Protein chains: 4
Amino acid sequence: MSHGPASRPADLRASGATMRSAREGGRQPGIGWLGTGRMGTAIVNRLLDAERPVMVWNRTPAKTGPLAARGAQVADSIVALADCDVVYVMVSGPADLEEVVLGEGGLLSGESRPGVLVDCSTVSEEVSARIRAAAAALDVAFLAAPVCGNPEVIADGQGSFIVSGPLKVFEQVRPDLEVVAKTVVHVGEQEQARLVKLAHNLYLGMMVQSLVEVVTLAEKAGTSREAFLEFFNGSALTSPWIRRRSPELATGDRHLTFTNELLRKDFDLGLAAARKLEVPMPATSTTYQLIQSAIGNGLRDEDFLSLYELQARSAGLSEAVT
Amino acid sequence: MSHGPASRPADLRASGATMRSAREGGRQPGIGWLGTGRMGTAIVNRLLDAERPVMVWNRTPAKTGPLAARGAQVADSIVALADCDVVYVMVSGPADLEEVVLGEGGLLSGESRPGVLVDCSTVSEEVSARIRAAAAALDVAFLAAPVCGNPEVIADGQGSFIVSGPLKVFEQVRPDLEVVAKTVVHVGEQEQARLVKLAHNLYLGMMVQSLVEVVTLAEKAGTSREAFLEFFNGSALTSPWIRRRSPELATGDRHLTFTNELLRKDFDLGLAAARKLEVPMPATSTTYQLIQSAIGNGLRDEDFLSLYELQARSAGLSEAVT
Amino acid sequence: MSHGPASRPADLRASGATMRSAREGGRQPGIGWLGTGRMGTAIVNRLLDAERPVMVWNRTPAKTGPLAARGAQVADSIVALADCDVVYVMVSGPADLEEVVLGEGGLLSGESRPGVLVDCSTVSEEVSARIRAAAAALDVAFLAAPVCGNPEVIADGQGSFIVSGPLKVFEQVRPDLEVVAKTVVHVGEQEQARLVKLAHNLYLGMMVQSLVEVVTLAEKAGTSREAFLEFFNGSALTSPWIRRRSPELATGDRHLTFTNELLRKDFDLGLAAARKLEVPMPATSTTYQLIQSAIGNGLRDEDFLSLYELQARSAGLSEAVT
Amino acid sequence: MSHGPASRPADLRASGATMRSAREGGRQPGIGWLGTGRMGTAIVNRLLDAERPVMVWNRTPAKTGPLAARGAQVADSIVALADCDVVYVMVSGPADLEEVVLGEGGLLSGESRPGVLVDCSTVSEEVSARIRAAAAALDVAFLAAPVCGNPEVIADGQGSFIVSGPLKVFEQVRPDLEVVAKTVVHVGEQEQARLVKLAHNLYLGMMVQSLVEVVTLAEKAGTSREAFLEFFNGSALTSPWIRRRSPELATGDRHLTFTNELLRKDFDLGLAAARKLEVPMPATSTTYQLIQSAIGNGLRDEDFLSLYELQARSAGLSEAVT
């Protein structure tokens, strides 16, 4: 459902009013959103599209402008968000998360506290558990809810939320999450969502390595990457991700989405989790060592599609681009 | 395009007539089809749906019955097919292929010969090259055209043809292939189609191994296979194949599609091709060794989704089913 | 050089006198030894064999008895060792090391301090660097000097010292180390000795995995493990370690030296070091995943020669023992 | 036992006489040796050192000169060797072997035949089984007896014979084999010796890969290859082979003993045997893929110690030599 920006301010004033009046009886029924970077903005836009009342806060206030223009209320401090029933946080890492939630002037530092805190950032299980415990001590329920997808994917409604925490709390916020993303799955009562996100990224690395092996095999036999990928993308084995990146793999003219170094970091975390859980990961670790070799061979800051370059060189494909 | 069986005989008589009259000037414009097992039948059905005139032959004549009922002409000998302009062969392996094409009473043994021979069987590059050479000596053009997809996938029009051989000949038969399958790709002038089919199957094995590693990782962290797969199938990493087999992976209640032993055979062939082409295949060979371990651990005749069992046991998942 | 125990006490009193008089001018020229477990005792015995004056201390004083009987002086407190010019520490892990060196009543807590502190324990680079820095602040030189070999190997003079720290300090203590071990190597100016010890253990794991692969291969072809090992041990590829453990590998009747779980710990540390240094370790990590699989398959507390069991099961060798 | 060449002719005349007289009663008790290349010459020299009567034949007769000078009788045709009780063959490959044994004018083509044929060449199990069957049909017992060691190692008496065939026949020739080599092992009743030789070479490749991983790890931490190898060669993990090649690994100044391409060939054969026997070989196949990568990276014709170069580049060791 979409409507012109003109009608928005009125709506918003209305929902602002609702929010304020609800406050008298305690918490507001609205949504608080902390962190309006590119991803945060994309998500809040979908909430606004669905006419959900949203109050936002961002460290750099200017970034909230476009959302305010579409009807979001802007909080003048983090603690002002604490009146909302549910507050989502999406910041860039564990240090930021701990600061905005537990630090001085943080979300849980005032007298009012939200009923539910939902963290959409990418942090480790350990940090997640620490925040959960701190929230619990203040009677605030906590959900870990990392997102898969980039801002464009979110805007198209094709994103995913992986959520872990108490099932009852999940059911409470689910309707809002479903407004944002196509896939909303509850994967456990504790921090499992963090691991599932890592598992997703491990698979991503293996998928690319598997693909570059068969691509180079076909290529050396005389089938162009383009022809191979045309076939592959028509088969039941391809994935939307491969389909999207195929032109870049075919031409070698690729743009940077995620470096080998960043992929290695996710493998570091994923393999550490596997070690802790005592799960052997033979194919994962083969891929991990190849990512490390790619870095050693000078591809550290290249997009991880450059696993193709490493493979092509090892296959003696003279035309391999660096 | 679909029409009732009642109208078919007339159509067929018509096309039968066309075929016969074309014969006077040499070859018939029709399609010959040798081998009407389950896959062959599914493909011919699509050709009949599109009102292509088809003459079929099968070693066990009874199997041609359903196609005859839908209007296919039935040849009383293999050589009778040789009058067709294009003859497709789909038999169960290299020995059969050589016999029906080059053997006594075989397709190329008589005076008439088709203009084009298209082999849709799964055979090695070596056999393919031998048939191509024998056909060329008799002035018959040859295309290697293995198919991806099972009979249901073909019936839905979702199959793929991977074709190699002279481009001009490919362009000539392409319209018929496109009637059958969604994806029709020319991958080279020689036997490349064989390798591309193998590459497809290598990827399939790696895809499954990659998946079972991340599934067991999530599972041991407390996320059910069902929840993990629900999330995964909503992400950009999943494939139609994974989506289709997810319920079986989730429940352990699986049916046999392809045994570990058969998958190993494709890896044998694919890795032999990689060796010949001097392409290292690190992730492929990790998966290959795991397939071998699965066989040693008693899973030889299980569907290759049982790579999950091997992984689950190695992860110490006590609930792993055998 | 070896002499009867009867002559020892006199010798010792003499060297005890020397130690005391040297003290007046500051430090004693003698050797202090902190930690007389099985390994420590074996090493001190070799020093005593060579008539070096040694003063020992152990948490459980009774364990110093046999050394005292052979002439070692027994310190009544850790700080009493601090008068020695060089003090060696061999304790069971990082916590103990930090306590006996830096803790209250520890070696560096008094007014006297040794000139050189040599740590022969097995600890991480991080702990090693911390001790080095603390020692340096007190003007005490530090050498990391892990040992390879078990007490029997040490007693036979076949052990090794891997030493890192300032070369000049190494040269100073080298004569004593050479009395103890056949091989004494300086591998760097900082904590490199720790890594070299880990590298040794990574190789040990790979050596065993490599061996069990070829052993099972030969075995399945009909060559007994015994015959294969007889051949192998006569070749230029075998190692003293393999020769020593061959009877156990041949018969399956093995005793526990080092569990799969402990081996995994060394691989954890070694691979973490490799990651930090950005060195890909493909064969190491294949072995690591197999150790993890062995643990998942119930071999956690078995000697790591049981990597044979895992391999034999995967090879479908029915006679494989559990 | 060694004596001057001057005394030899007399000895030889004597044994020559014995050989001739024995012949009257059928076969000679002497040894026939077919193929006096570098290895063959080294082995026959040891037999002559032990005063065994030996009759030799070589395609290029000049190569038998040095052996004749030391007392060996020279046969003027292959069939002349057939009078010897035991004939050894050491030729360069399967084609030569089949020709000299089964071909026209070959060892088994005349009326006389040896009691035992011992093949010391390196050939596949299939060829070995074919020769065995052909020999059996003519009532000639057959032993497969590949050798480990180069001519220098043989000259030093440090070589090995791996023997398979009937145990009784093995016991008959064993005394001669023990004159030649330190290790003489019977590994089975059929062609097992071929596989055991391959297993030896697979281990060799893995040993080198394992070593280069830990060497580069230590090197990147700041320990020179020389220091690391000094330590390693003092440990219980080293092998005579590693000790011998360490100076080359340390300095990078290496000579060619065996190329990566030849090592790959042995891995091809060894892994094919493992596949046939259904033995998974995870560490072997990791090494195999790295050998393939080394070839793709331009190291095809380098000595296989150059696996170090591949590893060093992947580890980003800038000083790595090409």
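Computed quantities for the displayed model
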item: Filter result for the condition that a residue is in a helix (DSSP H, G or I) and among the basic types (Lys, Arg), over A:Arg113, A:Arg130; result: A:Arg130
item: Of all residues making up segment A:116-128, the number that are closer than 14 Å to A:Trp33 by Cα and modelled with pLDDT of 95 or more; result: 5
item: Complete set of residues in segment D:138-194 that are part of a loop (DSSP other than H, G, I, E, B), buried (at least 20 other Cβ atoms within 10 Å of the Cβ) and among the charged types (D, E, K, R); result: D:Glu191
item: Meets criteria (modelled with pLDDT of 95 or more and more than 7 Å from chain A (Cβ to nearest Cβ)) for B:Glu191; result: yes
item: Of all residues making up segment D:220-233, the number that are polar (S, T, N, Q) and either at the interface with another protein chain (Cβ under 7 Å from one of its Cβ atoms) or not in a loop (DSSP other than H, G, I, E, B) (or both); result: 2
item: Helices (runs of 4 or more DSSP H) (entirely within segment C:54-102) containing at least 3 residues that are free of Cβ contacts under 8 Å to residues at least 40 places away in the same chain; result: C:65-69, C:94-102
item: Of the criteria (1) among the small types (Gly, Ala, Ser); (2) without any contact (Cβ under 8 Å) to a residue 12 or more places away in the chain; (3) touching a Leu at 6+ places or on another chain (Cβ under 7 Å); (4) more than 7 Å from every other protein chain (Cβ to nearest Cβ), which one C:Ser318 fails; result: (3)
item: Residue match in segment B:205-220 (condition: buried (at least 24 other Cβ atoms within 10 Å of the Cβ) and over 15 Å from A:Ala199 (Cα atoms)); result: yes
item: So A:Ser293, is it in contact with a helix residue (DSSP H, G or I) (Cβ under 8 Å, 6 or more places away or on another chain), hydroxyl-bearing (Ser, Thr, Tyr), within 12 Å of chain D (Cβ to nearest Cβ) and more than 26 Å from C:Asn297 (Cβ to Cβ); result: yes
item: Positions within segment A:275-287 being crowded, with 22+ Cβ neighbours inside 10 Å, at the interface with chain C (Cβ under 10 Å from one of its Cβ atoms) and not hydrophobic (A, V, I, L, M, F, W, C), in sequence order; result: A:Pro280, A:Pro282, A:Thr284, A:Ser285, A:Thr286
item: Residue within segment B:237-246 that is within 30 Å of D:Glu261 (Cβ to Cβ) and either hydrophobic (A, V, I, L, M, F, W, C) or touching an Asp or Glu at 6+ places or on another chain (Cβ under 8 Å) (or both) present; result: no
item: Unique match (being farther than 30 Å from D:Glu126 by Cβ and among the small types (Gly, Ala, Ser)) among D:Ala272, D:Ala181, D:Ala221; result: D:Ala221
item: Single match in C:Ala272, C:Ala236 (criterion: within 12 Å of chain D (Cβ to nearest Cβ) and either modelled with pLDDT of 95 or more or closer than 25 Å to D:Glu278 by Cβ (or both)); result: C:Ala272
item: Residues located in segment A:194-219, provided they are in contact with a strand residue (DSSP E or B) (Cβ under 8 Å, 6 or more places away or on another chain), touching a residue at least 12 places away in the same chain (Cβ under 8 Å) and facing chain B (nearest Cβ under 7 Å); result: A:Val196, A:His200
item: Near pairs, Cβ below 8 angstrom, 6+ apart or cross-chain, from segment B:234-252 (without any contact (Cβ under 8 Å) to a residue 12 or more places away in the chain) to any residue that is among the basic types (Lys, Arg) and in a loop (DSSP other than H, G, I, E, B); result: B:Gly234/A:Lys182
item: Which numbered condition D:Pro94 fails, given (1) under 22 Å from D:Val180 (Cα atoms); (2) modelled with pLDDT under 95; (3) not small (Gly, Ala, Ser); result: (1)
item: Complete set of residues in segment B:1-53 that are at pLDDT 50 or above, hydrophobic (A, V, I, L, M, F, W, C), out of contact with any Ser or Thr (no Cβ under 7 Å at 6 or more places or on another chain) and not in a strand (DSSP E or B); result: B:Met39, B:Ala42, B:Ile43, B:Leu47, B:Leu48, B:Ala50
item: Any hit, segment A:287-296, residues being over 14 Å from A:Val208 (Cβ atoms) and aliphatic (A, V, I, L, M); result: yes
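The values are calculated or read from the model by the stated rules, or taken from the named source; none is laboratory data. Owing to the predicted nature of the structure, the values given are computational and were not obtained by experimental measurement. Positions of Cβ are backbone-derived with ideal geometry, glycine not excepted, and every protein chain shown enters the neighbour counts.
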